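For reference, the structure discussed in these notes is given below.
The values are calculated or read from the model by the stated rules, or taken from the named source; none is laboratory data. Everything quoted here is computed from the prediction, not taken from an experiment. Reconstructed Cβ throughout: ideal geometry from the backbone, glycine too, with neighbour counts over all protein chains shown. Surface areas here come from the heavy atoms of the whole protein model, side chains and all, with no ligands, DNA or RNA. Shrake-Rupley method; radii C 1.70, N 1.55, O 1.52, S 1.80 Å.
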Amino acid sequence: MPAVEESQILKYLSKYKYVGATKKDVVDVVTSYRSLTYDLQRFVFNDGSSKELFTIQGTIPVVYKNNTYYIPICIWLMDTHPQNAPMCFVKPTPTMQIKVSMYVDHNGKVYLPYLHDWQPNSSDLLSLIQVMIVTFGEHPPVYSKPKEQIAAPYPTNSYMPQPGGPGGSNSFLPYPTAGGAGGGNFPPYPTGFNFEPYPPTPAGPAGGSGYPPYMNFPQPTAGGYPPAAGYNPSNPSSTGTITEEHIKASLISAVEDKLRRRIQEKVNQYHAEIETLNRTKQELVEGSSKIDAIISRLEREQVDLQKNISVLKDKEQELEKSLETLESAEAINPDEAVTTTAPLYRQLLNAYADEAATEDAIYYLGEGLRGGVIDLETFLKHVRQLSRKQFILRATMQKCRQKAGLAG
C-alpha cells in the first residue's frame, strides 16, 4: 500500500485506542478487496449520541446460484477496535430491497455468530468479510425491487448512511427477485385454524448482547416451509382440518430447518477460522524459509572466516620467523646493501649518486647565500667547481647508458 494511503489511515485512526491493530485490519481488507474504501464519518447511535468513526464501505462479491453479485455493505469500527466487535450494515441501492432474515434485520443491520462471538485476539475484519460472503451466498440479504417500485423514496435511518448518487446501481448485477424459488416472499401460515404458532427459541447465554433469537424471523428455504403431509391448500378435496400428523410434520420440519441453520453457521465459522489458520501457516512457512536461508549464509560466512583466520595465523608465523632471522643476523654495511651485476652498472650507479649529491650541494649553497652565511664570491667559486663536476658525471651516465643499451 502506498505511504500516502497509510498516512491517511493513520490520520483517521488518530483518536482510536489501538491504532496499530486497527490499521493492520484495515490495510489487510483494503488490500484484499479493492472495491472497498475507507472514510471517517459521523455515526448516530440509537440514544441520539454521535461520534466520528472509521468506516469501510463498498461491495463484496457473493456467489449465489452460480452467479456473482456485488453486495453493498458498510462496516463501522468502534474506537476501541479490536476489543469490541464492529457494526455491519447492508446498504441497498434504490433498485434493491432488504430481505429480512436471521442475519439481516429490516434496517440492514447484520447479525452473525462471528460478530456475536468476537474475540479481540483472534477475530479480524478479513475473516469477518469472508464469513459475510459465505453467509450471504446462502441467504442473500437483498433482492431486486419490482420495476414499479424503483422510484419509491429510500427509507432513511439515523445510523445508516444513504447509498450513492444517481447511477450507483449501474455497478451491480441484477439481484434475486422477490418471487420464485429464491424465497423472496415468505409463505404465510395457514389461516382459519385454531392452533398456536411455534414458540420462540429462548436466547442463548449471551442473549443480552443484542444478537436476535433464531426464530424471531420466518426463515425461507428454496421453496418456503414444505406443507405438512396430507395438507394441500390447492387440493379441493382437503377438509381443512389440522390433525396431529400435520402438527408433527410441521414441528419436525421446523427442527430440521433450525438444526440446518445452526450447522451452517458452525461450518461458516470454522471455514473462516481455517482460512485464517492457513494464512498464518503460509506466513510461518515463509518465515521459516527466510530463517533457513539466513542460517545457511551465516554458516558459509563462518567457514570463510575460519579459512581467513588460518591464513592469518600462517602469515603471523612467517613474520615471527623473519623477525628472529633478522635479529640473529649480522649488521649490514649500507654501501654493500645495493650491488650490481656488472662493473658498468656499478659505474652508472656511482655516477648517479655523485650527481645527486652535487645537485644537493648546489641547492644548499644557494640557501647559504640567501641566508647571508656565505658571500657572493665564495658562492660563485664553489658553484663553478660543482657545475663542472656535475657536467662530467652526467656525461659519464649518458655514456654508460649507451654502452648498456638502456633507453635515453
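Being more than 24 Å from the chain's Cα centre (by Cα) and either closer than 22 Å to Lys266 by Cα or hydrophobic (A, V, I, L, M, F, W, C) (or both) is true for just one of Leu77, Leu112, Leu126, Leu40. Which residue is that?
Going through Leu77, Leu112, Leu126, Leu40 in turn, just one is more than 24 Å from the chain's Cα centre (by Cα) and either closer than 22 Å to Lys266 by Cα or hydrophobic (A, V, I, L, M, F, W, C) (or both): Leu112.
Residues being of a type outside the set (A, V, I, L, M), surrounded by fewer than 14 Cβ atoms within 10 Å (Cβ to Cβ) and at pLDDT below 90: count how many of those fall in the range 231-276.
15
Residue by residue through the range 78-96, note down the ones that are touching a helix residue (DSSP H, G or I) at 6+ places or on another chain (Cβ under 8 Å) and in contact (Cβ under 8 Å) with a residue 60 or more places away in the chain.
Listed by number, the residues that qualify are His81, Pro82, Thr93, Pro94, Thr95, Met96.
Going by the structure shown, is Ala395 free of Cβ contacts under 8 Å to residues at least 12 places away in the same chain and either open to solvent by 50 Å² or more (accessible area, probe 1.4 Å) or outside any helix (DSSP H, G or I) (or both)?
no
Which of (1) at pLDDT below 90; (2) more than 15 Å from Met132 (Cβ to Cβ); (3) open to solvent by less than 10 Å² (accessible area, probe 1.4 Å) is the odd one out, the single condition Leu13 does not satisfy?
Among (1) at pLDDT below 90; (2) more than 15 Å from Met132 (Cβ to Cβ); (3) open to solvent by less than 10 Å² (accessible area, probe 1.4 Å), the lone unmet condition for Leu13 is (1).
Lys99 - would you say it is within 17 Å of Tyr33 (Cβ to Cβ) and open to solvent by 10 Å² or more (accessible area, probe 1.4 Å)?
no
Only residues in the range 119-133 that are farther than 18 Å from Thr55 by Cα count as the first member; pair them with residues that are among the charged types (D, E, K, R), Cβ under 9 angstrom, at least 6 apart or cross-chain, and list the lot.
Matching pairs, first to second residue: Ser122/Glu273.
Please find, among Gln282, Gln302, the residue that is part of a helix (DSSP H, G or I) and under 25 Å from the mean Cα position of the chain (by Cα).
Gln282
Is at least one residue of the range 279-295 closer than 30 Å to Ser101 by Cβ, open to solvent by less than 90 Å² (accessible area, probe 1.4 Å) and either among the hydroxyl-bearing types (Ser, Thr, Tyr) or modelled with pLDDT under 95 (or both)?
yes
Which members of the range 322-340 meet the condition of being charged (D, E, K, R) and loosely packed, with under 10 Cβ neighbours inside 10 Å?
Answer for the range 322-340, where residues must be charged (D, E, K, R) and loosely packed, with under 10 Cβ neighbours inside 10 Å: Glu327, Glu330, Asp335, Glu336.
Tell me which residues, restricted to the range 24-72, are within 15 Å of Gln8 (Cβ to Cβ), without any contact (Cβ under 8 Å) to a residue 60 or more places away in the chain and not in a strand (DSSP E or B).
The answer is Val27, Val30, Thr31.
Just to be sure, is Ser32 open to solvent by 50 Å² or more (accessible area, probe 1.4 Å), closer than 27 Å to Glu275 by Cα and not aliphatic (A, V, I, L, M)?
Yes.
Within the range 43-63, count every residue that is of a type in the set (Ser, Thr, Tyr) and under 18 Å from the mean Cα position of the chain (by Cα).
Number of matching residues: 0.
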